[in-house]
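A short worksheet on the structure shown next.
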Amino acid sequence: MSAEVKQEQIRLLDKEYTVACPPEEREGLLESARLLDSKMREIRGRGKIVGTERIVVMAALNIIFDLLQQQHGGDNNRHDMELRLRLLSEKLDEALQQEDRQLTL
């Protein structure tokens, strides 16, 4: 593993971010950024979720859900996971709405 770390530019929802990354992990970082950007655009395109922060959280939840599905062999716990994600999403929406209300006061 190289001790050298380089600055890489990634783009998520048309915004650039600089990320420190060892050269040997560059391709993984870029692939991860493409996947995250794709999920974020998909969620934004549905039009139900507004705000970059919310879109990022929902994209992360979706990606983790997909990963867990692959690790657990598909549909074994699909219903439980969907329910958990739905509840997490609702809690997140409530918390962010409360935060929005506090900001307007």
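The values are calculated or read from the model by the stated rules, or taken from the named source; none is laboratory data. This structure is a prediction, so every number in the text was calculated from the model and none was measured. In this analysis, Cβ positions are derived from the backbone assuming ideal geometry, glycine residues included, and neighbour counts consider all displayed protein chains.
Give segment 1-40 a look and list any residue that's part of a helix (DSSP H, G or I), touching a strand residue (DSSP E or B) at 6+ places or on another chain (Cβ under 9 Å) and among the basic types (Lys, Arg), or say none.
Of everything in segment 1-40, those that are part of a helix (DSSP H, G or I), touching a strand residue (DSSP E or B) at 6+ places or on another chain (Cβ under 9 Å) and among the basic types (Lys, Arg) turn out to be 26, 34.
In segment 30-47, which residues are more than 14 Å from the chain's Cα centre (by Cα) and surrounded by 13 or more Cβ atoms within 10 Å (Cβ to Cβ)?
Hit for segment 30-47 is 30, nothing else.
Write out, first by first residue and then by second, each pair whose Cβ atoms fall under 7 Å of each other, whose residues are 6+ apart or on separate chains, and whose first residue, in segment 47-71, is under 18 Å from residue 83 (Cβ atoms) while the second is outside any helix (DSSP H, G or I).
Pairs found: 58/49.
With the condition kept exactly as written, say whether any residue in segment 59-72 is under 18 Å from residue 93 (Cβ atoms), under 14 Å from the mean Cα position of the chain (by Cα) and not hydrophobic (A, V, I, L, M, F, W, C).
Checked against the condition, which is being under 18 Å from residue 93 (Cβ atoms), under 14 Å from the mean Cα position of the chain (by Cα) and not hydrophobic (A, V, I, L, M, F, W, C), segment 59-72 yields at least one hit.
How many of the residues in segment 2-53 are on the phi > 0 side of the Ramachandran plot and among the aliphatic types (A, V, I, L, M)?
Within segment 2-53, residues that are on the phi > 0 side of the Ramachandran plot and among the aliphatic types (A, V, I, L, M) number 1.
Have a look at 84, 78, 54, 11 and point out the one that is at pLDDT 90 or above and surrounded by 10 or more Cβ atoms within 10 Å (Cβ to Cβ).
Exactly one residue qualifies, and that residue is 11.
Which numbered condition trips up residue 27, out of (1) touching a helix residue (DSSP H, G or I) at 6+ places or on another chain (Cβ under 7 Å); (2) at pLDDT 75 or above?
Of (1) touching a helix residue (DSSP H, G or I) at 6+ places or on another chain (Cβ under 7 Å); (2) at pLDDT 75 or above, only one is false for residue 27: (1).
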